[in-house]
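Please read the structure below before turning to the comments.
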Amino acid sequence: MTAAAAVLRFTPSAVSQQIAHLADEVGAPLLERQGRNVHLTPAARLLLQRTQHLNAAWEATKAEVSSSSTKPTGHIRFCGVSSAIAALIAPVISRLKLTQSQIRASVIEEETSDCYKLLTLGEADIAVVLPTQDSPAHSDPRFEQHTLVVDEQDVLVPKGHALASRESIDLTELASESWIAKRRDNDTYSLLSAACAAAGFTPQVVHEAKEWYAISALVSAGLGLCLLPRLVPIPAEHHVVRVPLRGAIRPTRRFLTSTRRGRCHHPLIKLGLEALAELAETGPLTPQPHGRSSVSSG
């Protein structure tokens, strides 16, 4: 009850009262005590299953009603991880401001798990996320999810490093290198460790950082290497080189768009999703190897 109240920004007593009113309305108890704990009754679990379909139907109904308008208007609320905001969401909002003056757009930066919470609470309309092991399944009835872009990983090395002049590197060549990655609560380290395991070694992490600017600065100082997503730009003042990976082991990240089920048919949300898909296909930020960055003319 306390956890639910925290997520909903209610008091525990308010949550308890809401559940009591709902139990009276459906005519069945929804909670039962087992010792000092409270558990959902079978009726409550059945209600939860039905509610997912009701929510989707309600979102689809709102979308259908809104489609009767001649021109989409209103407020699109995006959320996403930092690299998704930089490479995808920010350019989309900029384009919408230029081409759709009747639309307002805003963005919230959150980790993937919190983005799903914002969608569930109705505080965001479109999330651009990197799925993790704990993320909702692709078939989760609460959400509609689609792959937006697959982001390849490069190796970031200091200028002057023996590998800096290479056109590409096989990951198996890097077993003796020092690495920079935050090991706890960091999807990037999970990607690094899985890729290195496939290459036959465990990465020797000598410095821990999570923010890309800090990681690039550490690499620039000659303190180690890192895997850098292709969509993450290199700070101009850092003396580093981006080298592509080759061979069978080339780790990638997969960005998804996620909306509440039924919501994607709303004309405003559809417009935002289409703008993201167009940018991902024709013109997202695509840094080039060896530190050169460019933006496609699309």
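The values are calculated or read from the model by the stated rules, or taken from the named source; none is laboratory data. Note that the structure is predicted; figures quoted are calculated from it, not measured. Backbone-built Cβ (ideal geometry, glycine too); neighbour counts: all protein chains shown. Surface areas here come from the heavy atoms of the whole protein model, side chains and all, with no ligands, DNA or RNA. Shrake-Rupley method; radii C 1.70, N 1.55, O 1.52, S 1.80 Å.
Brief remarks follow.
- Residues within the range 215-226 that are open to solvent by 10 Å² or more (accessible area, probe 1.4 Å) and in contact with a helix residue (DSSP H, G or I) (Cβ under 6 Å, 6 or more places away or on another chain), tallied: 0
- Only listed residue being open to solvent by less than 50 Å² (accessible area, probe 1.4 Å) and at pLDDT 85 or above, chosen from ALA63, ALA56, ALA4, ALA28: ALA28
- The range 39-53 - residue that is more than 17 Å from ARG260 (Cβ to Cβ) and of a type in the set (A, V, I, L, M) and, of those, modelled with the lowest pLDDT: LEU47
- Which numbered condition GLY122 misses (of (1) closer than 25 Å to ALA209 by Cα; (2) small (Gly, Ala, Ser); (3) in contact (Cβ under 8 Å) with a residue 60 or more places away in the chain): (1)
- Pair list, Cβ < 7 Å and 6+ apart or interchain, from the range 130-145 residues that are more than 9 Å from SER258 (Cβ to Cβ) and modelled with pLDDT under 85 to residues that are among the acidic types (Asp, Glu) and open to solvent by 30 Å² or more (accessible area, probe 1.4 Å): THR132/ASP187
- When ILE269 is tested against (1) surrounded by 14 or more Cβ atoms within 10 Å (Cβ to Cβ); (2) aliphatic (A, V, I, L, M); (3) modelled with pLDDT under 90, only condition (3) is not met.
- Listing of strands (runs of 3 or more DSSP E) fully contained in the range 193-275 that carry 1 or more residues being touching a residue at least 40 places away in the same chain (Cβ under 8 Å) and within 17 Å of GLN153 (Cβ to Cβ): 226-229, 240-246, 252-260
- Some residue of the range 134-145 being under 30 Å from VAL240 (Cβ atoms) and surrounded by fewer than 17 Cβ atoms within 10 Å (Cβ to Cβ): no
- Which listed residue is aliphatic (A, V, I, L, M) and over 13 Å from the mean Cα position of the chain (by Cα), from LEU148, LEU130, LEU156: LEU156
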